[in-house]
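Peer 1: Got a structure for you, questions after.
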Amino acid sequence: MIPNDTPTSQVPSRPLDSQARPGNPAAVGPRPGTPVVGAPQESTTSVWPLWEVFVRSSRGLSHVHAGSLHAPDAAMALRNARDLYTRRNEGVSIWVVPADAIAASDPDAKGSFFESPQGKDYRHATYYTKSEGVKHL
Amino acid sequence: MTTPETHTAETTGHGDISVGVAGSGDSSASATRITPGNALRPEDIALEVRTGLVKPSEDVAEYALRLGDDALILAQRLGRWISRAPELEEDVALGNIALDQLGHARSFLTYAGGAWEKSEDDLAYFRREHEFRSAHLFEQPNGDFAVTIARQFVVSYYQFELYRRLTQSTDATLAAIAAKAVKEVDYHRDHSAQWILRLALGTKESRARMTHGLKLVWPYVGELFVDDELTTRLAGAGAAVEPSSLKADFDRLTGEVLAEAELEVPQTPVAPGGGRRGKHSEHLGYILAEMQVLAREHPGASW
């Protein structure tokens with residue numbers, strides 16, 4: 001049985017267009033001297049895809065979203081992430097994820113999605129007092 | 001580089017960077033938490049030199065000058081790519097590599113200067129062209145992106161073999177600088193090899209440019225592996241490495257990458273070289289003019 005407060009529907013994948021940086025080559029064409037990279041059949045004006053970067057700052061902590069970048073493939077995305085997001089000794093591990101592989105919740109659905117738990121004290125362990133005074137708990 | 005005037009024992013740069021930029025909150029979980037780390041810094045070497053803890057012999061200083069000049073001239077070349085690379089990400093990648101090289105240059109020059117009571121800045125900004133000891137490869141023009149990648153490919157595979165062996169040097173400071181540098185240069189190898197593969201196996205155009213780039217830089221490979229009296233003397237004492245002893249590993253490892261990229265090892269004539277004796281091509285003068293003008297116009301300036 002699925003508890004009724006678990007969201008079971010996913011909003012459709014949205015491109016993280018808010019993260020696209022200004023000066024995106026898509027708008028202005030390739031920068032001067034841009035080498036042509038990719039399969040021979042690819043259009044020479046194609047833009048490198050966007051990747052989301054997650055950095056683990058030290059062992060035992062989880063990866064945290066650090067930002068995004070462009071790269072032609074996953075191997076280069078990892079290297080670009082290393083160069084862009086760990087320059088000041090920030091990390092011990094990096095994940096990169098294609099931005100369009102991320103399904104994000106709809107910011108307009110805040111009320112229906114995230115306000116329901118408010119006021120439901122009984123979902124917190126501290127709500128229950130029967131256990132008070134029980135040893136080793 | 002810091003100016004000689006700022007060389008006090010307490011020099012720590014521009015301030016304490018060990019505080020998370022986020023300031024408050026759970027900064028230990030932040031992806032933007034920054035720490036200085038505790039690697040060997042040029043300032044540490046400067047302190048050891050000033051306090052008389054270390055002092056290189058004349059030979060070791062000459063040798064350190066060569067390695068420092070190689071790195072310094074390359075850093076100056078690479079810095080020009082910032083804002084000019086194919087993508088912003090690549091600007092930063094090449095900029096990082098330039099800064100790595102500049103760090104190595106600072107360490108080597110600081111140490112070398114210990115023999116002559118000169119600072120890293122004295123050596124970088126107030127020497128003339130014929131006093132520089134860099135090999136010709138490092139002053140070669142950036143060309144297009146493929147030429148720079150070709151130059152990086154040769155440099156990083158050469159430097160990796162050199163620094164890897166120098167970590168065993170009987171000169172403790174050379175060994176320490178090499179130990180810090182070798183990991184950084186290892187990444188430079190990876191960066192250039194990744195791009196060799198992508199450019200060579202990309203489009204017809206990118207492959208032609210990569211082939212051309214390798215052809216342009218290959219004449220300068222030979223000079224890197226030439227022994228002379230200084231390297232022979234130092235290698236005999238265990239302080240340095242005979243350049244010729246690096247060649248076999250260099251050929252094997254670069255050959256593997258080129259084979260994977262389906263490229264031939266370029267068969268080009270060998271350039272005469274002479275950088276180790278202060279004989280340079282027409283390029284170095286322009287590099288030095290640009291690099292030194294500010295320090296010479298405003299000696300001792302700091303910011």
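Peer 1: Being charged (D, E, K, R) and free of Cβ contacts under 8 Å to residues at least 12 places away in the same chain is true for just one of B:Glu223, B:Glu229. Which residue is that?
Peer 2: That would be B:Glu229, the only listed residue that is charged (D, E, K, R) and free of Cβ contacts under 8 Å to residues at least 12 places away in the same chain.
Peer 1: Hey, another quick one. Out of the residues in region B:158-216 that are within 23 Å of B:Glu260 (Cα to Cα) and among the acidic types (Asp, Glu), state the one that is nearest to the other protein chains (Cβ to nearest Cβ).
Peer 2: Residue satisfying both the conditions and the ranking: B:Glu205.
Peer 1: For a quick check of your reading of the model, give me the residue pairs whose first member lies in region B:291-303 and is over 13 Å from B:Ala124 (Cα atoms), whose second is of a type in the set (A, V, I, L, M, F, W, C) and open to solvent by less than 100 Å² (accessible area, probe 1.4 Å), with beta-carbon atoms closer than 9 Å and at least 6 apart or on different chains.
Peer 2: B:Ala301/B:Ala295
Peer 1: Is it the case that B:Arg84 is touching a Lys or Arg at 6+ places or on another chain (Cβ under 9 Å) and free of Cβ contacts under 8 Å to residues at least 40 places away in the same chain?
Peer 2: Numbers: touching a Lys or Arg at 6+ places or on another chain (Cβ under 9 Å): yes; free of Cβ contacts under 8 Å to residues at least 40 places away in the same chain: yes.
For B:Arg84, the condition - touching a Lys or Arg at 6+ places or on another chain (Cβ under 9 Å) and free of Cβ contacts under 8 Å to residues at least 40 places away in the same chain - is met.
Peer 1: Moving on. For region A:62-92, which residues satisfy the criterion of being more than 9 Å from chain B (Cβ to nearest Cβ), outside any loop (DSSP other than H, G, I, E, B) and farther than 19 Å from B:His191 by Cβ?
Peer 2: Once the filter is applied, which keeps residues that are more than 9 Å from chain B (Cβ to nearest Cβ), outside any loop (DSSP other than H, G, I, E, B) and farther than 19 Å from B:His191 by Cβ, region A:62-92 yields only A:Ser68.
Peer 1: Would you pick out the residues in region B:38-53 that are outside any helix (DSSP H, G or I), at negative phi and more than 22 Å from the chain's Cα centre (by Cα)?
Peer 2: B:Thr51, B:Leu53
Peer 1: Identify, by number, the condition in (1) open to solvent by 10 Å² or more (accessible area, probe 1.4 Å); (2) more than 14 Å from every other protein chain (Cβ to nearest Cβ); (3) under 21 Å from B:Val293 (Cβ atoms) that B:Ala105 doesn't meet.
Peer 2: So the condition that B:Ala105 fails would be (1).
Peer 1: Could you please let me know if B:Asp121 is surrounded by fewer than 24 Cβ atoms within 10 Å (Cβ to Cβ) and within 14 Å of another protein chain (Cβ to nearest Cβ)? Let's see the steps before the verdict.
Peer 2: Numbers: surrounded by fewer than 24 Cβ atoms within 10 Å (Cβ to Cβ): yes; within 14 Å of another protein chain (Cβ to nearest Cβ): no.
In short, no.
Peer 1: Do we have any residue at all in region B:90-100 that's surrounded by fewer than 17 Cβ atoms within 10 Å (Cβ to Cβ), under 12 Å from the mean Cα position of the chain (by Cα) and under 23 Å from B:Arg189 (Cα atoms)? Before the answer, list the steps.
Peer 2: To start, the set of residues in region B:90-100 that are surrounded by fewer than 17 Cβ atoms within 10 Å (Cβ to Cβ) comprises B:99.
Those left that are additionally under 12 Å from the mean Cα position of the chain (by Cα): B:99.
Next cut, under 23 Å from B:Arg189 (Cα atoms) only: B:99.
Yes, that holds for at least one residue.
Peer 1: Just to be sure, is B:Glu89 within 14 Å of chain A (Cβ to nearest Cβ) and modelled with pLDDT of 90 or more? If you could, list the steps in order and put the result at the bottom.
Peer 2: Working: within 14 Å of chain A (Cβ to nearest Cβ): yes; modelled with pLDDT of 90 or more: yes.
Against the criterion (within 14 Å of chain A (Cβ to nearest Cβ) and modelled with pLDDT of 90 or more), B:Glu89 qualifies.
Peer 1: Please work out which residue is farthest from the other protein chains (Cβ to nearest Cβ), limiting yourself to region A:93-107 and to residues that are open to solvent by 80 Å² or more (accessible area, probe 1.4 Å) and either in contact with a helix residue (DSSP H, G or I) (Cβ under 9 Å, 6 or more places away or on another chain) or at pLDDT 90 or above (or both).
Peer 2: A:Asp100
Peer 1: Yes or no: A:Pro117 modelled with pLDDT under 95 and more than 8 Å from chain B (Cβ to nearest Cβ)?
Peer 2: Values: modelled with pLDDT under 95: yes; more than 8 Å from chain B (Cβ to nearest Cβ): yes.
Answer is yes for this residue.
Peer 1: Shifting gears a bit: Regarding B:Ile82, is this residue within 14 Å of chain A (Cβ to nearest Cβ), among the β-branched types (Val, Ile, Thr) and buried (at least 23 other Cβ atoms within 10 Å of the Cβ)?
Peer 2: So B:Ile82 does not fit the description; no.
The values are calculated or read from the model by the stated rules, or taken from the named source; none is laboratory data. This one's a predicted model, so the numbers in the text were calculated from it and none came from an experiment. Methodologically, a virtual Cβ is constructed for each residue, glycine included, from the backbone with ideal geometry; neighbour enumeration extends over all protein chains shown. For accessibility, only protein heavy atoms count, side chains too; no ligands or nucleic acids. Shrake-Rupley method; radii C 1.70, N 1.55, O 1.52, S 1.80 Å.
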